[in-house]
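Readers should treat all values here as calculations from the given coordinates under stated rules, not as data from a laboratory. Keep in mind that what you see is a predicted model, and the values were worked out from it rather than measured. Virtual Cβ from ideal backbone geometry, glycine too; neighbours counted across all protein chains shown.
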Amino acid sequence: MIKLQNVCRTFIVGDQKVDALRDINLSFGAGEYISVMGPSGSGKSTLLNLLGLLDRPSSGFYLLDGGSVIELDDEQQARVRREKIGFVFQSFHLVPRLTAAQNVELPMILAGIPAEERKARVQVLMQNYGLADRTDHKPDQLSGGQRQRVAIARATVMNPTVLLADEPTGNLDRATGWEVLKLLEGLRERGITLVVVTHDAEIGARSQRQIHMLDGRIVSDERSKV
Amino acid sequence: MKLIDTLQFASGSLRGSPTRTLLMMLAMSIGVAAVVVLTALGEGARRYVVNQFSSLGTNLVIVLPGRTETAGIGPGLLVGQIPREISLDDAQAILRSTAVKRIAPLTVGAATISHDALNREVVVLGSTADLLEVRHMAMALGRFLPAGDLHDTTSVCVLGEKIRHELFGNARAVGQWVRLGDRRFRVIGVLASQGESMGMRTDELVIIPVASAHQLFNTSGLFRVLVEARSRDSIGQAQHEAEQILFARHNGEKDVTVITQDAVLATFDRILTALTMAVGGIAAISLAVAGVLIMNVMLIAVAQRVKEIGLLKALGAPAGQIRKLFFAEAVLLSGIGSVAGLALGYAGSAIIGQMYPSLPVSPPWWAVLAATATALGTGVLFSVWPARRAARLDPVAALAGR
């Protein structure tokens, strides 16, 4: 499903070479739940950006749904992001001037889906995520948990293959964080591969597979039996 | 992404910062309005002059003494030198041309007109009966100069409306005697009030037979001969034949100038059109300034919306789409700005038209078109750079707000 082979990512900072990722080999199956853990600077965000095609590896291969996606041009990569990848961010990244429903609609607008279909899909999703009475609220009128649920709705509205979440509970209190996490975990039933980057060992422990990173290397890749 | 969605998204982000959007539209619309109003003024001035020339008469060829080499107005016309005069017989001879319908010789002088105890200085025009037709004048009372031989020195005069009023007030003027210089003239008619025409107020004129004027001023030459051609097509022929006739009568010496009204008109037309375009061009500079303003604000917008751009990229918008969104914003901005500017400009022109009713103020179509095109053009042109900058943003850095 997803396969990284000998992936390296090197940044040039000033006149110094920084290896953010060193020789990463990974493969994820459909519906897998993976948490990526490690201290800051260990390369977990870079890994997530690479998986989300927001960044290109310096060397190595990346196969998504059986096809290599590194050689694709900007237009084609954007299409892959649109159709196969969903993002959930720590700081939600909702467009402040758009309502909750419009934020959820955004990926479908970019994909050129007709307005009627968009409306229908948004409605179903808002209903499912308990946001039915919040459709016309602007992000600043929503609580943190509601905002993240809108963001998850937006990330899943295109039925992606993989959902990438970067510290999805980082800006939320504990109770709300658990709720959001449950929502994310529920997505696996739809066959979505879930990759969560987190600091929190307690959150990491919930996943079947835990990857620990340090200095751009994978130091452990454990599967727990749930 | 569909076009309609692109436009909706762009207008949404414009509405997102209403003050900035309104200010940019204001700048754009002031630029467009300036072009519209200024060219409307220039065009108004041009049409005013053209109208004045047309009211001078139609199909006119003007014969003046002296020779100038230019097609338009020579210095001779402006200072009125008379190297060799044109006599009444010369004027009469022009009628031999088949292209000439009628002529009106003109002699001009100043004299004191008096009636009872009232007197004032007036411009006296010596001419013939045909002047009425040639110059498109109309009578208010009585009749114009009697037709007859050019050399008849009848003591009759026709007064301008203002002169009549000043000398006679509400009393009957036609049939009364007035004194002009050292001669007495009987008033046979009063001109209808026409206002000003080419700097000559017919309201303050006194017209007497040309031969009488020659006696009064003790001259024998003519100031001008107005020649009316039979039709528009025969103007050239009339000009040529009038020249030939006069050269022949002056022993082949080319000492008269024959100009056509069209040539003078064309000169004025060219000058004033150039002026209008120059003024419009100056106004268009403000449009370029508005364009720079739009670029500046768009760059700020890109900087402020870095996270949003990053998000759009993460959600699957290719660079081209981001460019299109910013383009759409610029086009909407300058489009709505120009429409507002056109409305403002037309309103301004209408107000000026109300204030100066004699000036036919109306913006020329080419200026309206050029202003709108320039506004849209600068809007799009100056958004290229901001749009490219937005499209090139690195999504990872953009999402982090860097």
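Things worth noting here:
- Averaged over the residues of peptide A:107-114, the number of Cβ atoms from other protein chains lying within 10 Å of each residue's Cβ is 5.
- From the C-alpha gyration tensor of region B:1-74, square roots of 5λ in Å: 55, 14, 12
- Burial order of peptide ranges B:314-322, B:383-391, A:147-155 (average beta-carbon count within 10 Å, highest first): A:147-155, B:314-322, B:383-391
- Take each residue in B:315-324, count the other chain C-beta atoms within 10 Å of its C-beta, and the mean is 6.
- Dipole magnitude for region A:173-224: computed about the Cα centre from +1 point charges on Lys and Arg Cβ and -1 point charges on Asp and Glu Cβ, it is near 200 debye.
- From the alpha carbon centroid of region B:354-381 to that of region A:159-226 is 62 Å.
- Considering only the protein assembly as shown, percent of DSSP beta bridges that pair antiparallel, nearest 5: 70 percent
- Residue among A:Arg81, A:Arg56, A:Arg174 with the largest mean-square fluctuation in a Gaussian network model of chain A, springs linking Cα atoms under 10 Å: A:Arg174
- Dipole magnitude for the protein assembly as shown: about 1240 debye, using +1 per Lys or Arg Cβ and -1 per Asp or Glu Cβ, origin at the Cα centre.
- With an a/c value of 1.5 or above and a/b not larger than b/c for the gyration tensor axes a ≥ b ≥ c computed over the alpha-carbon atoms, region A:64-176 is described as oblate.
- Seen against the Cα atoms of chain B and their longest principal axis, helix B:261-304 is set at about 20 degrees.
- Candidates A:Lys138, A:Lys17, A:Lys84, ranked by Gaussian network fluctuation over chain A, Cα under 10 Å, top entry: A:Lys17
- Computed about its Cα centre, the charge dipole of region B:181-240 is approximately 200 debye, with only Lys, Arg, Asp and Glu carrying charge at their Cβ.
- Pairs over the 22 Å Cα-Cα cut-off, from the set B:Lys101/B:Lys162; A:Lys119/B:Lys2; A:Lys17/B:Lys313: B:Lys101/B:Lys162; A:Lys17/B:Lys313.
- Placing unit charges on each Cβ (+1 for Lys and Arg, -1 for Asp and Glu) gives region A:2-223 a dipole about its Cα centre, and among A:Val13, A:Gln141, A:Val197 the Cα reaching farthest toward its positive end belongs to A:Gln141.
- Average beta carbon contacts from partner chains per residue of A:67-76, 10 Å cutoff: 1
- Of B:Met137, B:Met24, B:Met355, the one that fluctuates the most in a GNM where chain B has Cα springs shorter than 10 Å: B:Met355
- Kirkwood radius for chain B, taken over all pairs of different Cα atoms as the inverse mean of 1/r, rounds to 26.0 Å.
- Kirkwood-based shape ratio for region A:2-223, expressed as Rg/Rh from alpha carbons: 0.97
- Counting only alpha carbon atoms, the long axis of helix A:174-186 and the longest principal axis of chain A meet at about 80°.
- DSSP bridge analysis restricted to region B:85-254 gives an antiparallel fraction near 75%, rounded to the nearest 5.
- Beta bridges per DSSP with both ends in chain B, % antiparallel, nearest 5: 80 percent
- Positive end of the dipole of the protein assembly as shown (Cβ unit charges, origin at the Cα centre): among B:Gly148, B:Phe223, B:Thr378, the Cα lying farthest that way belongs to B:Thr378.
- Dividing the Cα radius of gyration of the protein assembly as shown by its Kirkwood radius returns 1.37 for Rg/Rh.
- Between region B:49-69 and region B:332-352, the alpha-carbon center distance in angstrom: 39 Å
- Cross-link pairs exceeding 28 Å between alpha carbons, from the set A:Lys84/A:Lys182; A:Lys84/B:Lys307; A:Lys44/B:Lys324; A:Lys44/A:Lys84: A:Lys44/B:Lys324.
- Farthest toward positive dipole pole in the protein assembly as shown [+1 Lys/Arg, -1 Asp/Glu at C-beta], among A:Leu172, B:Leu246, B:Ala99: A:Leu172
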